[in-house]
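Coordinate-derived values only; no laboratory data. Since the model is a prediction, treat every value here as computed from it, not as a measurement. Neighbour counts run over all protein chains shown; Cβ positions are idealised from the backbone, glycine included.
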Amino acid sequence: MSGFNRRQLLRGLFGGAAVSVALPLLDGMLSTSGQALADGTPLPKRFGIFFWGNGVRLSKWNPSTTGAGFALSESLTPLKNVKEYLSVVSGMNIKTGNERGHHAGCVGILSGSPMISQDPMGAPYASTFSGRSIDQVIAAEIGKTTRYKSLEMAVSRSIASGEGTTLRYVSHNGPDSANPPEFEPKKLFERVFGVGFEDPEAKKREDMKVGLRRSVLDAVWGEAKALQSTVGAADRIRLDAHMTGIRALETRLASLPPSVGACAKPTSPGSLPAVDGKEPIEERMHAFSDLLALVLACDITRVFSIQFTGSVGGTVFWQVGATQGHHELTHDEPGEQPKVQATTSFTMKQLAYLLEKLKATPEGTGNLLDRTAILGSSDAAHGREHTINDYPILVAGKAGGALKGDYHYRSTSGENASMVLMSLVRAMDIPATSFGKGGGLVTKGLAAIEAA
Amino acid sequence: MSTRTTLPLLALAVASAALAACLGDIGDGDGAFGGGSTWGGEGPGGGEAAFSPAPSRLRKLTKAQYQNSLRDLLGTPVNLAKDSVEDDGEKNGFTAIGASFVTISPRGVEQYETAAMGLAKQVMADTARRATFVGCNPTTPTDATCTRAFLTKFGRRAWRRQLTAAEVDRWVAIANDAQTKLTSFWEGLEIAVGGLLTSPHFLYRVELGEPDPDHAGALRYTSFEMASRLSYFLRNTTPDDTLLDAAERGELSSTEGVKAQASRLLSSAEAKSSLDSFFAEMLHLAPLESLTRDKTKFPAMTPTLGASMKTETLKLFDDLVFDRDTDVRELFDTNTTFVNAELANLYGVPAPSGGGFAKVSLTDRLGILGHASFLSVNAHVGSSSPTYRGKAIRERFLCESMPAPPDNVPPLPEAAPGARATARQRLEMHRKVEPCASCHKLMDPIGLGLENYDAIGAFRDQENGETIDPSGDLDGKKYAGPKDLAKLLRDDPRVGPCFARNLYRHAAGHVELPSEEPAMKTVITQFSDSGYRVKTLALAIVTSDAFRFAVPQGETP
């Protein structure tokens, strides 16, 4: 697979905690400028989502000055070391309606499309996405050659269950079709880097079976295809999604897993369970970030999403002295909500760790953050009031020079938040002419955050 | 089989008429199981919508069904890590409904494949186990006779139907290819077994129906499909050989045949755990497995208390349904329950001797509304929630929908200092000021009746130094406190039908459609005629036309 050839040609250095192992320096494989591979292929671009639940305190979130060199707000101060990579977008609105608080915001900011309510009267409410989330729109284009089309992660387990897929999952392929995340860094590690076979004979045997498993998957794909002709439209769509997954696995089995020599197999981050009901969300986020830097540098995937906390999530931010669940806290804390504000600052500190990690990971003459774009947002603007106007939106990373950074754009006319999504798609060199559906449909990006 | 025709019989635009009919007085109490009076034309009430069953849908095995099925297919012990496959997507209250909608993600495909191949390897690497499992002795590494015999037999178990000749040929060829390349009979079979368990025919319940000879345009679930439907509903696992044999003889296309097998399944040990999982889902008890509460605030809290709470509730349910086969509405007004030492400590009664659970009587509470399980899952981390509790009672016991919370909620007027001691005081503005009041008025006056129980269900008569007033009203009926509220719910005419609807949703994998209302009426009548006995309700559901028939899915998703 081309992804692996390319990966083997990349170079990088890793510093940091659990997964720090230096990659071999392969300068000779890069072009003389260090901006591309020796054969002229540009270094890959990457896209990610960092999502947190229950909105922000807008009074502490929005920077007081606009334009280049803006002043960071209280909430955003933790991002000071990566400010040159950061654009803050404020004053823009989700235009798909606020049919149901939190739900509408999730679907709006992640897909630019309206939500679907699934509420037969007399039964508990549910909702889902009407289309693909932006990570999957992008992955369909830039994730074709990598071992994983995309990787999904979630940090806090205090996720709202029982109201359909919207609140529960960030990444969606369509209605009721989510990409469930990995909650444990250790599991992601094992999935991506595999559990090695010590015994060479056993390994040889397993390698032989891999080809057979591919034939089996081919037969299974054929069975799903045949089954499709006997069912109605809704199930045909479901089977389509399943068959896509089968093909992806076949392809994956055909390629070698990342090998130690080329990709500096890291050590496992180990288990990070909650202790006495206290979730180690900071430790998990650090472990995910460290892994992710490696995964991106090795070109194992180019698209990721991290659900740091969930929409309507009940994460207890014990680190800032909170004793209530996050959603409850955003609704119940009176006055200026200092505790809620502390959870937002804490969350931005976690995003900062990821961004700093990517910035510290060299690639060519630059670093990973130079070639990545990350959308940071939430399920509501003001958590307490579940508003969807003046939405909190962050864009981090330079996307290979497509994005500006160190900029605060404040819309004075409540423009469509989907414009940011459109910019991100185009920053990935995808020649889209529109993004979103219904009220979320836009045909142009937000020029202010794009590099001229 | 052509299943994609449009049916004139189907009146999909009958929603409002059917809803009106379901609220009206129809009085068509067909006491016999499977009364076929529901089909076609005008109902006996006149103007009522005709019965039409729901469209069939592929139902993905839930996580529990997947694991139970593998246990039954491969024999215990099967080593399958707890989170080795995707979580269920619960929808409208039940994972069974989510299973009719969700897709298998790329990661899910990978997990299923890894799990299936890993388990097949476990079985085939064990010489004693594989001999029993396969049931014939190969004479060569590619023994086609033994391979074919085994895959035919195992295929029927795994796919819950007989494989077609072409399917058997396909899997025998896959096995033979693998046997040749690996020069091992067993490892070759391992590949085929792993493959059969990766197939959509295993991962989904493919219940598509066949043309119904009695109702033009409708579909009747085949005998094999009925075997799956009965088995996954009543035992939450794959059909056993007795059931598959009955299906092979075509016995499950009659109500009598269905009833006979269903009665047998209901008396199995797995029926208890299957209906327990239904009840746990109906009450949304899953969060109890990881219940976290601050011990300094709630001294009775322990790391295992949440799991004990769930056990208590399921023990009471089992007692009513299986041990005593009695009126399930006792759930509300019984003063007996089941406690272990940590629950006894929470409830302030002596710990039972012997360390396990024992039946006790409580004086400060009645029934499920006093169970720590119900009170804890419908509470905040640090405090009770009259709103959540009221909402749960409406949604789970009365089958009533709550409107969406409003957006752009303005901050409520701050209450006077010192006037916020109790939840009743804190929520007062929510009940008075729009846009909050219209919803909170539906929930809070019920939930405030349970304020004598804190966020983990411990009794209290004061909050922040003020005496709690636990009185209120349930849709106009006044009550003085939690025990009165429990009695009101016990006799509420909405409770029985709602329980029946919940069990039907779980069994059928969808919320009942307006066009299914005539069948629902029959089920509900049979349930009430039986004195609200759950096993009778289960039989009424599986013999109902709504459970046995379908219509094609249609061409618009």
Exercise. Peptides B:438-446, B:477-485, B:225-233: what's the order by average Cβ count within 10 Å, highest mean first?
Worked result: B:225-233, B:438-446, B:477-485
Exercise. If you take the Cα atoms of region A:151-261, find Rg, then find the Kirkwood Rh from the mean of 1/r over all pairs, what is Rg/Rh?
Worked result: 1.04
Problem set entry | Helical contribution to [θ] at 222 nm, DSSP H n ≥ 4, -39,500 (n - 2.57), averaged over chain B, rounded to 500 | -13500 deg cm²/dmol
Problem set entry | Distance between region A:122-180 and region B:132-208 - C-alpha centres, whole angstrom | 35 Å
For this session: Can you check what the net charge comes to around A:LEU217, using other residues whose Cβ is under 11 Å from the Cβ of A:LEU217 (Lys, Arg +1; Asp, Glu -1)?
Result: -1
For this session: Go through region A:403-416 residue by residue and turn each phi into a ³J(HN,Hα) via Karplus (6.51, -1.76, 1.60, θ = phi - 60°); whole Hz please, and just put x for glycine and proline.
Result: 10, 7, x, 6, 9, 10, 9, 10, 6, 9, 10, x, 5, 6
Problem set entry | Number of partner chain Cβ atoms within 10 Å, mean per residue of B:93-101 | 4
Problem set entry | region B:514-557 and region B:358-397: distance between their alpha carbon centers, rounded to Å | 29 Å
Seminar exercise, completed: Sorting A:LEU249, A:ALA224, A:ALA202 by the position of each Cα along the dipole of region A:195-256 (Lys, Arg +1; Asp, Glu -1; all at Cβ), the one nearest the positive end of that ordering is A:ALA224
Exercise. How large is the dipole of chain B about the Cα centre if only Lys and Arg carry +1 and Asp and Glu carry -1, each at its Cβ, rounded to the nearest 20 debye?
Worked result: 860 debye
Problem set entry | Percent RCO, i.e. relative contact order, over region A:405-452, from Cα pairs under 8 Å lying at least 6 residues apart | 41 percent
Exercise. Along the charge dipole of region B:52-128, which of B:SER105, B:ALA64, B:PRO53 sits closest to the positive end, that is, farthest toward it, with unit charges on the beta carbon of Lys, Arg, Asp and Glu (+1, +1, -1, -1)?
Worked result: B:PRO53
Exercise. By the gyration tensor of its Cα atoms, with a ≥ b ≥ c the square roots of the eigenvalues, what is the shape of region A:220-334: rounded for a/c under 1.5, prolate for a/b over b/c, or oblate?
Worked result: oblate
Problem set entry | Ellipsoid equivalent to the protein assembly as shown - semi-axes via the Cα gyration tensor, in Å | 44, 40, 27
Problem set entry | Share antiparallel - DSSP beta bridges, the protein assembly as shown, percent rounded to 5 | 60 percent
Problem set entry | Volume in Å³ per residue [convex hull over Cα atoms, computed for chain A] | 158 Å³
Exercise. Where Lys and Arg each count +1 and Asp and Glu each count -1, what net charge lies around B:GLY93 among other residues with Cβ under 14 Å from its Cβ?
Worked result: -2
Seminar exercise, completed: For peptide B:399-405, the mean count of other chain Cβ atoms within 10 Å per residue Cβ is 5
Problem set entry | Gyration tensor (alpha-carbon) shape descriptor, region B:59-205, a/c threshold 1.5 | prolate
Exercise. Mean separation of Cα pairs under 8 Å and 6+ residues apart, divided by the residue count of region B:59-205: what relative contact order is that in percent?
Worked result: 26 percent
For this session: Might you report the magnitude of the Cβ-based charge dipole of region B:59-205 about its Cα centre, with Lys and Arg at +1 and Asp and Glu at -1, to the nearest 20 debye?
Result: 440 debye
Exercise. For region B:143-191, max minus min Cα coordinate along each principal axis, in Å, sorted largest first?
Worked result: 31, 17, 16
Problem set entry | region A:374-441: trypsin sites (Lys or Arg not before Pro) in DSSP coil with no more than 16 other Cβ atoms inside 10 Å | A:LYS437
Exercise. Which residue, chosen from B:PRO303, A:ALA293, A:GLY105, occupies the Cα position most advanced towards the positive end of the dipole of the protein assembly as shown, where the dipole is computed from +1 (Lys, Arg) and -1 (Asp, Glu) charges on Cβ about the Cα centre?
Worked result: A:ALA293
For this session: Give the whole-number value, in cubic angstrom per residue, of the convex hull volume spanned by the C-alpha atoms of region B:364-501.
Result: 114 Å³
For this session: Let me know the shape class of region A:407-452, please: from the alpha-carbon gyration tensor, a ≥ b ≥ c as square roots of the eigenvalues, rounded when a/c is under 1.5, otherwise prolate if a/b is greater than b/c, or oblate.
Result: oblate
Exercise. Dipole magnitude of region A:195-256 about its Cα centre, charges +1 at Lys/Arg Cβ and -1 at Asp/Glu Cβ only, in debye to the nearest 20?
Worked result: 160 debye
For this session: Count, for each residue of A:208-215, the Cβ atoms from other chains sitting within 10 Å of its Cβ, then give me the mean as a whole number.
Result: 6
Problem set entry | chain B: relative contact order as a whole-number percent, Cα under 8 Å and 6+ apart | 21 percent
Seminar exercise, completed: Here the convex hull volume per residue of region A:195-256, taken over Cα atoms and given in Å³, is 74 Å³
Problem set entry | Cross-link table B:LYS60/B:LYS153; A:LYS204/B:LYS60; A:LYS60/A:LYS149; A:LYS349/B:LYS297, entries beyond 25 Å C-alpha to C-alpha | A:LYS204/B:LYS60; A:LYS60/A:LYS149; A:LYS349/B:LYS297
Exercise. So which GluC sites (Glu not before Pro) in region A:155-220 end up in coil per DSSP with only 15 or fewer other C-beta atoms within 10 Å?
Worked result: A:GLU198
